[in-house]
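Here is the structure we will look at.
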Amino acid sequence: MSKGCSLDTSIISSVLAWLDTSVVTFIQFITQHLLIPPDLDMWKKRLRFFCYKTIGTVRINDLFEIMVEYPESHGAVSDIKKCLSQVHCSKYLIYMMQETFRERLLQPGANTEDIITQYSSAIKVLRFLDPSGAILEKVCLPLRTYLKNREDTIRCILSSLISQEDNELTRELSSTTGTLFKCNEDSDLENDDWKKWQPQSKDMPTSPSSSGGKHSKSLDTI
């Protein structure tokens, strides 16, 4: 299976169909010819496991590019989600993305706009793969921390928000502006006592949603 397989189309169904119609049939022919009792159920389970493992590995190796192309690459993302449900490759995904982000984004020479855009895409993809947010938290925590400590992050966001240029970051921010500075649904500003609102003390613990929890929007987590 080549590294350059299509990102916009899921390939798992076609590979599984090929296994059932060609590979399993060939195994059945060989075992009958050798007078060996065929255990086709066992072979199917092994082949399917190998299929999910291989496709999952290939797709995860391409996950950075898949995130760049998302949502056009939804087919590839769907493949990864299916593989995660069949073989336990979440640890490999977390490791690969942490290393890829470290090598390609967590560098002084990386453009801040590109980092924010990739960060937002990563959140969308990882939330689809794992709605619990566990993978998202482990993968994106170093990236989020890096952006918070980068001096030009806020300036870059604000500049893009007021810019008239049509680029990837501007489109991303435009689609999330309503949530970027929006309070949570249960915010004190949204009830009848909004006039009595007081800023939260620094000593008060923050809620998961205010610290980048799984239900927060893409760029709210920065």
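Taken along the Cα-to-beta-carbon direction at a fixed 7 Å, the label points for Tyr95 and Glu151 span 3.7 nm.
Length available on full extension from Asp8 to Leu40: 0.36 nm per residue minus the Cα-Cα distance, which gives 8.3 nm.
Annotation note: GluC sites (Glu not before Pro) in the range 39-120 located in DSSP loop regions with a Cβ neighbour count of at most 11 within 10 Å are Glu72.
Ser163 contributes about 40 Å² of solvent-accessible surface, heavy atoms of the protein only, 1.4 Å probe.
Lys148 contributes about 120 Å² of solvent-accessible surface, heavy atoms of the protein only, 1.4 Å probe. Placing +1 on the Cβ of every Lys and Arg and -1 on the Cβ of every Asp and Glu, with no other charges, gives the range 25-118 a dipole of roughly 580 debye about its Cα centre.
Calculate the FRET efficiency for Gln107 and Gln86 from the Cβ-Cβ distance with a Förster distance of 35 Å, rounded to the nearest 0.05. Don't jump to the answer; show the numbers that get you there.
Values: r = 35 Å, r/R0 = 1.00.
Given R0 = 35 Å and the Cβ-Cβ separation, E is 0.50.
Per-residue accessible area (protein heavy atoms, 1.4 Å probe) orders Val68, Val87 as Val68, Val87, starting from the largest. Applying the Karplus relation 6.51 cos²θ - 1.76 cosθ + 1.60 with θ = phi - 60° to the range 10-19 yields 3J(HN,Hα) values of 5, 10, 4, 4, 5, 5, 5, 5, 5, 4 Hz, where x marks Gly and Pro. Excluding ligands, DNA and RNA, the accessible surface per residue across the range 1-143 is 54 Å² with a 1.4 Å probe.
The values are calculated or read from the model by the stated rules, or taken from the named source; none is laboratory data. Since we're looking at a predicted model, the values are computed, not measured. Cβ: placed from backbone, ideal geometry, glycine included. Neighbour counts: every protein chain shown. Heads up: the accessible areas ignore ligands, DNA and RNA and are worked out on the full protein's heavy atoms, side chains in. Shrake-Rupley method; radii C 1.70, N 1.55, O 1.52, S 1.80 Å.
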